Amino acid sequence: MGVINTTPDSFSDGGVLYSDNHLDLDRALFKASSMVADGARILDIGGESTRPGAVPVSHSQESDRVLPLVEKICAELDVIVSVDTSTASIMTAAAGLGAGMLNDVRALSREGALQAAAASRLPICLMHMRGSPMDMQQSPRYANVVQAVGQFLQERVTASIEAGIEKNCIILDPGFGFGKTVQHNLQLLQGLPHLSELGFPLLVGFSRKSMIESLIGRSVDQRMPASLALAVLAVERGAGIIRTHDVAATADAVAMAVALADEEHYE
């Protein structure tokens, strides 16, 4: 899953798709096309930064950032378009434009989101986050982070199914970096096999995140090698979708992990 941020303030690549303070659709489409050529099966488009300390954006801001690009990519590229949003009306509009997946860091907790996701009949990724982006990194604590994340995700699965979302449309994301310390993130990575026991595909995102800086002191532009290592470790522990900014390198790294796990390669 390749990441395309249409926000001016995302931690890794905020503003790179902007020209004269406006989203450059041609530049964004070129980036999307390059990611598909590099091996992305899914493109995740978001218009609201969820980095630590980020504040919510208005509906009109998010709509203006996301929907024109969703429409353009769906019309011109053969790829699944995922929309990274918690807003019900954006979900509905994106589905109407051809989006193939919804990705909600708030696990369909905003007003109307459950109903909008169910009506769209699209696959939906439910993510665990403690608090909100504005306050999630303020001293997060868990007695057992794997157990707490698993319990939360199971509760959101139950709510989703009760709202009419098909079980086979649900994907789960433990939410690495969303209300977790570095130790929590490592415990979650180690505990991915336990989360797999919930019975749903797992999506994970480590790409360029600050846990890498905390562990080895790398700045954002120096974090790709560590991001690749984390992606491989996640695949080995059961992750099915890797969300990344660096598609080509990640696709190669994941392909090696999959080859090792696939017994057919040794027949």
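The values are calculated or read from the model by the stated rules, or taken from the named source; none is laboratory data. Treat the numbers as computed from the prediction; the structure is a model and nothing was measured. Neighbour counts are summed over all protein chains in view; Cβ atoms, including those assigned to glycine, are modelled from backbone coordinates with ideal geometry.
Filter segment 157-181 down to the residues that are surrounded by fewer than 21 Cβ atoms within 10 Å (Cβ to Cβ) and not hydrophobic (A, V, I, L, M, F, W, C) and list them by number. Before you say what the answer is, go through the steps one by one.
So in segment 157-181, the residues surrounded by fewer than 21 Cβ atoms within 10 Å (Cβ to Cβ) come out as 157-159, 161-164, 166-169, 171, 181.
Result: Thr158, Glu162, Gly164, Glu166, Lys167, Asn168, Thr181.
List the number of the failed condition for Ala148; all other conditions in (1) among the small types (Gly, Ala, Ser); (2) under 27 Å from Gln190 (Cβ atoms); (3) at pLDDT 95 or above; (4) touching a Gly at 6+ places or on another chain (Cβ under 8 Å) hold.
(4)
Show the residue pairs meeting these rules: Cβ distance below 8 Å; 6+ apart or different chains; first residue within segment 50-75 and closer than 21 Å to Gly175 by Cα and at pLDDT below 95; second residue hydroxyl-bearing (Ser, Thr, Tyr) and in a helix (DSSP H, G or I).
Pro52/Ser210
Can you name every one of the helices (runs of 4 or more DSSP H) wholly within segment 197-267 that holds 1 or more residues which are in contact (Cβ under 8 Å) with a residue 12 or more places away in the chain, polar (S, T, N, Q) and surrounded by fewer than 20 Cβ atoms within 10 Å (Cβ to Cβ)? Let's see the steps before the verdict.
Working: elements: 210-216, 224-236, 247-261.
Those helices (runs of 4 or more DSSP H) span 210-216.
List pairs: first in segment 102-113 and under 14 Å from Pro133 (Cα atoms), second crowded, with 16+ Cβ neighbours inside 10 Å and of a type outside the set (Gly, Ala, Ser), Cβ under 6 Å, 6+ apart or cross-chain?
Val105/Thr50; Val105/Met127; Val105/Met129; Ala107/Leu126; Ala107/Met127; Ala107/Arg156
Given the structure, is Pro133 in a loop (DSSP other than H, G, I, E, B), touching a His at 6+ places or on another chain (Cβ under 9 Å) and either of a type outside the set (A, V, I, L, M) or closer than 17 Å to Asp173 by Cβ (or both)?
Against the criterion (in a loop (DSSP other than H, G, I, E, B), touching a His at 6+ places or on another chain (Cβ under 9 Å) and either of a type outside the set (A, V, I, L, M) or closer than 17 Å to Asp173 by Cβ (or both)), Pro133 does not qualify.
For Arg130, work out the one condition from (1) modelled with pLDDT of 95 or more; (2) of a type outside the set (Val, Ile, Thr); (3) crowded, with 19+ Cβ neighbours inside 10 Å it doesn't fulfil.
Of everything listed in (1) modelled with pLDDT of 95 or more; (2) of a type outside the set (Val, Ile, Thr); (3) crowded, with 19+ Cβ neighbours inside 10 Å, Arg130 misses just condition (1).
Looking only at segment 8-49, filter to residues that are in contact with a Lys or Arg (Cβ under 7 Å, 6 or more places away or on another chain) and crowded, with 19+ Cβ neighbours inside 10 Å; which one of those is modelled with the highest pLDDT?
Only one residue tops the list, namely Asp44.
Looking at segment 97-116, which of its residues are out of contact with any Gly (no Cβ under 9 Å at 6 or more places or on another chain) and in a helix (DSSP H, G or I)?
The answer is Ala113, Ala116.
Looking only at residues in segment 117-131 that are small (Gly, Ala, Ser) and in contact with a Ser or Thr (Cβ under 9 Å, 6 or more places away or on another chain), which one is nearest to Val182 (Cα to Cα)? Steps first, answer last, please.
Start the filter on segment 117-131 by keeping residues that are small (Gly, Ala, Ser), which leaves 117-120, 131.
Next, only the ones that are in contact with a Ser or Thr (Cβ under 9 Å, 6 or more places away or on another chain) stay: 117-120.
On the way: Ala117: 32, Ala118: 34, Ala119: 37, Ser120: 36 Å.
Only one residue fits best here, namely Ala117.
Answer with yes or no whether Gly2 is of a type outside the set (Phe, Trp, Tyr), at pLDDT 95 or above and crowded, with 23+ Cβ neighbours inside 10 Å.
Working: of a type outside the set (Phe, Trp, Tyr): yes; at pLDDT 95 or above: yes; crowded, with 23+ Cβ neighbours inside 10 Å: yes.
Yes, satisfied.
This table checks each residue for (1) charged (D, E, K, R); (2) at pLDDT 95 or above; (3) on the phi < 0 side of the Ramachandran plot.
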| site | (1), (2), (3) |
| --- | --- |
| His184 | no, yes, yes |
| Gln190 | no, yes, yes |
| Leu203 | no, yes, yes |
| Phe206 | no, no, yes |
| Leu233 | no, yes, yes |
| Gly238 | no, yes, no |
| Asp246 | yes, yes, yes |
| Asp262 | yes, no, yes |
| Glu267 | yes, no, yes |
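Any idea which of Leu186, Leu153 is in a helix (DSSP H, G or I), over 22 Å from Ala113 (Cβ atoms) and either of a type outside the set (A, V, I, L, M) or free of Cβ contacts under 8 Å to residues at least 60 places away in the same chain (or both)? Show your work before the answer.
Values: Leu153 fails: over 22 Å from Ala113 (Cβ atoms).
Step by step, each of Leu186, Leu153 is checked, and only Leu186 is in a helix (DSSP H, G or I), over 22 Å from Ala113 (Cβ atoms) and either of a type outside the set (A, V, I, L, M) or free of Cβ contacts under 8 Å to residues at least 60 places away in the same chain (or both).
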